[in-house]
Amino acid sequence: MQLVAPGTTLFDVLGLPRGVDVDKAELERAYRERSLRLHPDRAGKDDPRERRLSLERTALLNEAYKTLRAPEPRAFYLLKLHGLDLLKEEARAVSIPPKVLEEVLQLREQLESARESGDDEQVSALSDRVRVQSATTLSAAQSALRRLEQAPADEAVRVEAAQALARLRYHHRFLEAAEGSDEEDS
Amino acid sequence: MAYSDKVVDHYENPRNVGTLDKSDPNVGTGLVGAPACGDVMRLQLRISDEGVIQDAKFKTFGCGSAIASSSLVTEWVKGKTVDEATTITNKEIAKELSLPPVKIHCSVLAEDAIKAAVADFKKKRAERQGAAKATAT
(Lines give C-alpha, C1' and ligand atoms only; values in the text may rest on other atoms or scores of the structure.)
Protein backbone atom coordinates (compact mmCIF):
# COMPACT_ATOMS: atom_id res chain seq x y z
CA MET A 1 0.00 0.00 0.00
CA GLN A 2 1.22 3.44 -0.85
CA LEU A 3 1.61 6.14 1.73
CA VAL A 4 -0.15 8.67 -0.48
CA ALA A 5 -1.43 8.57 -4.01
CA PRO A 6 0.49 10.64 -6.56
CA GLY A 7 -0.78 14.17 -6.81
CA THR A 8 -1.94 14.21 -3.21
CA THR A 9 -1.41 17.59 -1.62
CA LEU A 10 -1.01 18.46 2.03
CA PHE A 11 -4.51 19.93 1.79
CA ASP A 12 -5.74 16.44 0.88
CA VAL A 13 -3.86 14.96 3.81
CA LEU A 14 -6.02 17.08 6.10
CA GLY A 15 -9.11 16.79 3.91
CA LEU A 16 -9.28 20.55 3.44
CA PRO A 17 -10.16 22.46 0.30
CA ARG A 18 -7.00 23.70 -1.40
CA GLY A 19 -6.54 27.45 -1.34
CA VAL A 20 -4.92 30.57 0.06
CA ASP A 21 -7.51 30.82 2.80
CA VAL A 22 -8.03 28.05 5.30
CA ASP A 23 -10.64 27.89 8.01
CA LYS A 24 -8.56 27.68 11.14
CA ALA A 25 -11.17 25.87 13.25
CA GLU A 26 -11.70 23.35 10.50
CA LEU A 27 -7.96 22.79 10.21
CA GLU A 28 -7.58 22.21 13.94
CA ARG A 29 -10.50 19.81 13.97
CA ALA A 30 -9.25 17.86 10.95
CA TYR A 31 -5.80 17.59 12.48
CA ARG A 32 -7.08 16.38 15.83
CA GLU A 33 -9.41 13.80 14.36
CA ARG A 34 -6.79 12.39 12.06
CA SER A 35 -4.09 12.33 14.74
CA LEU A 36 -6.31 10.28 16.99
CA ARG A 37 -7.16 7.88 14.22
CA LEU A 38 -3.49 7.41 13.34
CA HIS A 39 -2.17 7.03 16.82
CA PRO A 40 0.49 4.28 16.74
CA ASP A 41 -1.06 2.63 19.78
CA ARG A 42 -4.26 2.14 17.86
CA ALA A 43 -3.13 1.32 14.37
CA GLY A 44 -1.78 -2.19 13.95
CA LYS A 45 0.18 -2.37 17.12
CA ASP A 46 1.49 -5.86 16.49
CA ASP A 47 2.26 -5.62 12.81
CA PRO A 48 5.63 -3.90 12.32
CA ARG A 49 4.76 -2.93 8.76
CA GLU A 50 1.48 -1.40 9.76
CA ARG A 51 3.18 0.31 12.60
CA ARG A 52 5.80 1.87 10.38
CA LEU A 53 3.18 3.00 7.91
CA SER A 54 1.21 4.58 10.68
CA LEU A 55 4.29 6.47 11.86
CA GLU A 56 4.91 7.73 8.34
CA ARG A 57 1.33 8.87 8.03
CA THR A 58 1.60 10.68 11.31
CA ALA A 59 4.73 12.46 10.11
CA LEU A 60 2.93 13.50 6.94
CA LEU A 61 -0.05 14.69 8.90
CA ASN A 62 2.19 16.77 11.15
CA GLU A 63 3.89 18.24 8.12
CA ALA A 64 0.53 19.17 6.63
CA TYR A 65 -0.54 20.80 9.87
CA LYS A 66 2.68 22.74 10.27
CA THR A 67 2.66 23.90 6.65
CA LEU A 68 -0.98 24.91 6.37
CA ARG A 69 -1.60 26.33 9.83
CA ALA A 70 0.01 29.73 9.25
CA PRO A 71 -0.60 31.91 6.18
CA GLU A 72 3.06 32.31 5.23
CA PRO A 73 4.22 28.72 4.97
CA ARG A 74 0.87 28.02 3.32
CA ALA A 75 1.56 30.64 0.66
CA PHE A 76 5.06 29.24 -0.01
CA TYR A 77 3.56 25.77 -0.26
CA LEU A 78 0.91 26.88 -2.76
CA LEU A 79 3.57 28.41 -4.97
CA LYS A 80 5.44 25.12 -4.73
CA LEU A 81 2.31 23.33 -5.98
CA HIS A 82 2.51 25.70 -8.93
CA GLY A 83 5.98 24.38 -9.65
CA LEU A 84 8.22 26.84 -7.89
CA ASP A 85 9.88 25.99 -4.61
CA LEU A 86 11.31 29.26 -3.37
CA LEU A 87 13.15 27.55 -0.58
CA LYS A 88 15.14 25.54 -3.08
CA GLU A 89 17.89 26.57 -5.41
CA GLU A 90 15.57 26.73 -8.39
CA ALA A 91 14.48 29.99 -6.81
CA ARG A 92 17.33 31.46 -8.79
CA ALA A 93 14.91 31.47 -11.70
CA VAL A 94 12.97 34.21 -9.90
CA SER A 95 14.42 37.54 -10.84
CA ILE A 96 14.02 40.04 -8.07
CA PRO A 97 13.48 43.61 -9.21
CA PRO A 98 16.61 45.72 -8.57
CA LYS A 99 14.49 48.19 -6.64
CA VAL A 100 13.61 45.51 -4.11
CA LEU A 101 17.24 44.42 -3.75
CA GLU A 102 18.33 48.01 -3.26
CA GLU A 103 15.75 48.45 -0.56
CA VAL A 104 16.85 45.22 1.12
CA LEU A 105 20.50 46.22 1.05
CA GLN A 106 19.77 49.69 2.33
CA LEU A 107 17.72 48.37 5.24
CA ARG A 108 20.42 45.88 6.12
CA GLU A 109 23.05 48.61 6.06
CA GLN A 110 20.91 50.82 8.29
CA LEU A 111 20.45 47.91 10.66
CA GLU A 112 24.17 47.24 10.70
CA SER A 113 25.08 50.80 11.55
CA ALA A 114 22.33 51.02 14.20
CA ARG A 115 23.74 47.84 15.70
CA GLU A 116 27.29 49.10 15.64
CA SER A 117 26.39 52.32 17.39
CA GLY A 118 24.26 50.41 19.90
CA ASP A 119 21.16 52.36 18.90
CA ASP A 120 18.48 49.92 20.08
CA GLU A 121 15.70 52.38 19.36
CA GLN A 122 16.70 52.60 15.75
CA VAL A 123 16.92 48.81 15.55
CA SER A 124 13.37 48.41 16.79
CA ALA A 125 12.11 51.28 14.60
CA LEU A 126 13.57 49.55 11.56
CA SER A 127 12.10 46.23 12.64
CA ASP A 128 8.66 47.80 13.04
CA ARG A 129 8.92 49.22 9.55
CA VAL A 130 9.86 45.86 8.08
CA ARG A 131 7.06 44.13 9.99
CA VAL A 132 4.54 46.50 8.41
CA GLN A 133 6.06 45.92 4.98
CA SER A 134 5.99 42.22 5.64
CA ALA A 135 2.22 42.26 6.22
CA THR A 136 1.64 44.24 3.02
CA THR A 137 3.88 41.92 1.05
CA LEU A 138 2.08 38.85 2.38
CA SER A 139 -1.27 40.33 1.28
CA ALA A 140 0.14 40.99 -2.17
CA ALA A 141 1.43 37.43 -2.39
CA GLN A 142 -1.91 36.02 -1.27
CA SER A 143 -3.80 38.12 -3.76
CA ALA A 144 -1.55 36.87 -6.58
CA LEU A 145 -1.88 33.28 -5.37
CA ARG A 146 -5.69 33.51 -5.32
CA ARG A 147 -5.60 34.59 -8.94
CA LEU A 148 -3.07 31.86 -9.73
CA GLU A 149 -5.36 29.23 -8.24
CA GLN A 150 -8.04 30.40 -10.69
CA ALA A 151 -5.68 30.62 -13.66
CA PRO A 152 -2.73 28.26 -13.06
CA ALA A 153 -1.33 28.79 -16.56
CA ASP A 154 -0.93 32.53 -16.12
CA GLU A 155 2.85 32.94 -16.03
CA ALA A 156 2.71 36.65 -15.22
CA VAL A 157 0.67 35.97 -12.10
CA ARG A 158 3.03 33.17 -11.10
CA VAL A 159 5.96 35.58 -11.36
CA GLU A 160 4.03 38.17 -9.37
CA ALA A 161 3.38 35.64 -6.58
CA ALA A 162 7.00 34.44 -6.66
CA GLN A 163 8.40 37.95 -6.44
CA ALA A 164 6.17 38.87 -3.54
CA LEU A 165 7.15 35.73 -1.65
CA ALA A 166 10.83 36.28 -2.42
CA ARG A 167 10.48 39.75 -0.96
CA LEU A 168 8.81 38.26 2.08
CA ARG A 169 11.82 35.98 2.51
CA TYR A 170 14.04 39.06 2.66
CA HIS A 171 11.78 40.69 5.24
CA HIS A 172 12.15 37.58 7.36
CA ARG A 173 15.88 37.53 7.05
CA PHE A 174 15.97 41.14 8.11
CA LEU A 175 13.86 40.43 11.19
CA GLU A 176 16.01 37.43 12.07
CA ALA A 177 19.09 39.60 11.77
CA ALA A 178 17.47 42.32 13.88
CA GLU A 179 16.71 39.78 16.57
CA GLY A 180 20.33 38.74 16.54
CA SER A 181 20.07 35.28 15.04
CA ASP A 182 21.98 36.26 11.93
CA GLU A 183 24.76 34.17 10.39
CA GLU A 184 22.94 30.92 10.79
CA ASP A 185 22.97 28.42 7.98
CA SER A 186 21.00 29.69 5.10
CA MET B 1 28.17 22.79 9.37
CA ALA B 2 31.92 23.22 9.29
CA TYR B 3 33.28 25.88 6.98
CA SER B 4 36.59 25.36 5.20
CA ASP B 5 39.63 27.32 6.44
CA LYS B 6 39.50 29.57 3.41
CA VAL B 7 35.85 30.44 4.00
CA VAL B 8 36.56 31.20 7.65
CA ASP B 9 39.52 33.36 6.65
CA HIS B 10 37.45 35.43 4.19
CA TYR B 11 34.56 35.57 6.61
CA GLU B 12 36.69 36.83 9.48
CA ASN B 13 38.86 39.11 7.36
CA PRO B 14 36.73 40.01 4.37
CA ARG B 15 38.71 41.77 1.63
CA ASN B 16 37.52 44.93 -0.04
CA VAL B 17 34.32 45.55 1.87
CA GLY B 18 32.77 48.87 1.01
CA THR B 19 31.36 51.01 -1.73
CA LEU B 20 32.51 52.81 -4.83
CA ASP B 21 30.80 55.91 -6.16
CA LYS B 22 27.79 54.62 -8.04
CA SER B 23 27.56 57.74 -10.16
CA ASP B 24 31.15 57.40 -11.39
CA PRO B 25 30.84 56.51 -15.08
CA ASN B 26 33.70 54.02 -14.71
CA VAL B 27 32.01 52.15 -11.88
CA GLY B 28 29.78 49.19 -12.60
CA THR B 29 27.42 48.00 -9.86
CA GLY B 30 26.04 44.49 -9.65
CA LEU B 31 23.25 43.82 -7.22
CA VAL B 32 22.06 40.23 -6.93
CA GLY B 33 20.01 38.21 -4.53
CA ALA B 34 19.08 34.64 -3.77
CA PRO B 35 15.56 34.38 -2.42
CA ALA B 36 16.11 30.79 -1.30
CA CYS B 37 18.36 31.95 1.50
CA GLY B 38 17.50 35.64 1.58
CA ASP B 39 21.04 36.68 0.69
CA VAL B 40 21.83 39.95 -0.99
CA MET B 41 25.17 40.86 -2.57
CA ARG B 42 26.47 44.09 -4.08
CA LEU B 43 29.66 44.05 -6.12
CA GLN B 44 31.16 47.21 -7.56
CA LEU B 45 34.00 47.39 -10.06
CA ARG B 46 35.97 50.42 -11.14
CA ILE B 47 36.92 49.81 -14.74
CA SER B 48 39.40 51.85 -16.75
CA ASP B 49 38.53 53.15 -20.21
CA GLU B 50 40.73 50.34 -21.53
CA GLY B 51 38.47 47.82 -19.83
CA VAL B 52 40.78 46.81 -16.98
CA ILE B 53 39.35 46.35 -13.49
CA GLN B 54 41.23 48.68 -11.18
CA ASP B 55 39.27 48.30 -8.00
CA ALA B 56 36.55 46.11 -6.55
CA LYS B 57 34.36 46.48 -3.48
CA PHE B 58 31.56 44.37 -2.09
CA LYS B 59 28.89 44.28 0.54
CA THR B 60 27.09 41.05 1.25
CA PHE B 61 24.42 40.17 3.75
CA GLY B 62 24.23 36.44 3.95
CA CYS B 63 25.91 33.34 5.24
CA GLY B 64 29.65 32.83 5.58
CA SER B 65 29.93 31.16 2.19
CA ALA B 66 28.22 34.06 0.43
CA ILE B 67 30.53 36.55 2.13
CA ALA B 68 33.60 34.46 1.35
CA SER B 69 32.56 34.01 -2.29
CA SER B 70 32.15 37.73 -2.84
CA SER B 71 35.31 38.58 -0.91
CA LEU B 72 37.26 36.12 -3.03
CA VAL B 73 36.01 37.48 -6.36
CA THR B 74 37.01 41.03 -5.43
CA GLU B 75 40.56 39.70 -5.10
CA TRP B 76 40.37 37.71 -8.28
CA VAL B 77 38.96 40.35 -10.61
CA LYS B 78 41.43 43.12 -9.79
CA GLY B 79 43.83 43.63 -12.68
CA LYS B 80 41.75 41.51 -15.01
CA THR B 81 40.00 42.82 -18.09
CA VAL B 82 36.22 42.79 -17.99
CA ASP B 83 36.19 39.98 -20.53
CA GLU B 84 38.52 37.88 -18.40
CA ALA B 85 36.49 38.62 -15.28
CA THR B 86 33.26 37.43 -16.85
CA THR B 87 34.81 34.04 -17.57
CA ILE B 88 35.15 33.34 -13.84
CA THR B 89 32.75 30.53 -13.05
CA ASN B 90 31.01 29.56 -9.89
CA LYS B 91 32.80 26.19 -10.14
CA GLU B 92 36.18 27.87 -9.72
CA ILE B 93 34.92 29.86 -6.76
CA ALA B 94 33.35 26.80 -5.12
CA LYS B 95 36.54 24.79 -5.69
CA GLU B 96 38.82 27.46 -4.25
CA LEU B 97 36.67 27.74 -1.13
CA SER B 98 35.84 23.99 -0.93
CA LEU B 99 32.15 24.80 -0.71
CA PRO B 100 29.88 21.85 0.07
CA PRO B 101 27.04 21.13 -2.41
CA VAL B 102 24.43 22.96 -0.30
CA LYS B 103 26.51 26.13 -0.55
CA ILE B 104 27.13 26.07 -4.28
CA HIS B 105 24.40 28.67 -4.78
CA CYS B 106 26.57 31.18 -2.90
CA SER B 107 29.27 30.86 -5.54
CA VAL B 108 26.62 31.16 -8.25
CA LEU B 109 25.56 34.43 -6.68
CA ALA B 110 29.12 35.75 -6.80
CA GLU B 111 29.46 34.79 -10.47
CA ASP B 112 26.16 36.51 -11.23
CA ALA B 113 27.34 39.60 -9.36
CA ILE B 114 30.44 39.94 -11.57
CA LYS B 115 28.32 39.61 -14.69
CA ALA B 116 25.77 42.12 -13.40
CA ALA B 117 28.49 44.66 -12.49
CA VAL B 118 30.12 44.34 -15.90
CA ALA B 119 26.74 44.61 -17.64
CA ASP B 120 25.98 47.78 -15.66
CA PHE B 121 29.35 49.27 -16.64
CA LYS B 122 28.82 48.43 -20.31
CA LYS B 123 25.33 49.90 -20.24
CA LYS B 124 26.67 53.11 -18.70
CA ARG B 125 29.43 53.29 -21.30
CA ALA B 126 27.00 52.74 -24.16
CA GLU B 127 24.78 55.49 -22.81
CA ARG B 128 27.75 57.79 -22.48
CA GLN B 129 28.85 57.10 -26.03
CA GLY B 130 25.31 57.57 -27.22
CA ALA B 131 25.15 60.92 -25.44
CA ALA B 132 28.55 61.95 -26.84
CA LYS B 133 27.42 61.07 -30.33
CA ALA B 134 24.21 63.02 -29.87
CA THR B 135 26.14 66.16 -28.88
CA ALA B 136 28.63 65.70 -31.71
CA THR B 137 25.97 65.60 -34.41
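Amide H contacts of B:Thr81: B:Ile53, each under 5 Å away and 5 or more positions distant or on a separate chain (H built 1.01 Å from N in the peptide plane; Pro and chain starts excluded). D by Stokes-Einstein for chain B, Kirkwood Rh over Cα pairs, 4 °C, 1.567 mPa s: 86 µm²/s.
On a 0 to 90° scale, report how tilted helix A:155-178 is relative to the longest principal axis of chain A, with both axes built from alpha carbons and the result rounded to the nearest 10. Once rounded, the angle reads 70 degrees.
Magnitude of the charge dipole for segment B:35-137, about its Cα centre and with charges confined to Cβ atoms of Lys, Arg (+1) and Asp, Glu (-1), is about 280 debye. Taking every DSSP helix (H) stretch of at least 4 residues in chain A, weighting each as -39,500 (n - 2.57) and dividing the sum by the residue count yields a mean residue ellipticity at 222 nm of -23000 deg cm²/dmol. Cα centroid separation, segment B:122-137 to segment A:77-134: 36 Å. For the protein assembly as shown, the carbon plus sulfur part of the accessible surface works out to 51%, probe radius 1.4 Å. Its relative contact order, with pairs defined as Cα atoms under 8 Å and 6+ residues apart, puts chain A at 20 percent. In sequence order, segment B:25-36 has phi-based couplings of x, 8, 9, x, 10, x, 10, 9, x, 10, x, 4 Hz under the Karplus curve 6.51 cos²θ - 1.76 cosθ + 1.60, θ = phi - 60°, and Gly or Pro positions carry x. With contacts taken as Cα pairs under 8 Å at a separation of at least 6 residues, segment A:86-178 carries a relative contact order of 39 percent. With the simple spin-label model, which puts each label point 7 Å out from Cα in the Cβ direction, the A:Leu87 to A:Ser139 separation comes to 2.6 nm.
Counting only alpha carbon atoms, the long axis of helix A:98-116 and the longest principal axis of chain A meet at about 80°.
When you work out D = kT/(6 pi eta Rh) for chain A at 4 °C and 1.567 mPa s, using the Kirkwood radius from C-alpha pairs as Rh and the Stokes-Einstein form, the result is 69 µm²/s. Equivalent ellipsoid of segment A:55-122: semi-axes from √(5λ) of the C-alpha gyration tensor, largest first, are 34, 19, 9 Å. Reported value for the protein assembly as shown: 189 Å³ per residue, from the convex hull of its C-alpha atoms. Highest-first packing order for the peptide set A:107-117, B:54-64, B:123-133 is B:54-64, A:107-117, B:123-133, based on the mean count of other beta carbon atoms within 10 Å. Taken as Cα centroids, segment B:42-62 and segment A:143-157 sit 39 Å apart, rounded to the nearest whole angstrom. When accessible surface is computed with a 1.4 Å probe, chains A and B are found to bury approximately 2100 Å² between them, both chains counted. Note on chain B: helix-only mean residue ellipticity at 222 nm, from DSSP H runs of 4+ residues weighted -39500 (n - 2.57) and normalised by residue number, equals -15500 deg cm²/dmol.
The values are calculated or read from the model by the stated rules, or taken from the named source; none is laboratory data. From a predicted model like this one, the values you see are computed outputs, not experimental measurements. Cβ: placed from backbone, ideal geometry, glycine included. Neighbour counts: every protein chain shown. Each accessible area value is taken on the protein alone, full model and side chains, heavy atoms only, with ligands, DNA and RNA left out. Shrake-Rupley method; radii C 1.70, N 1.55, O 1.52, S 1.80 Å.
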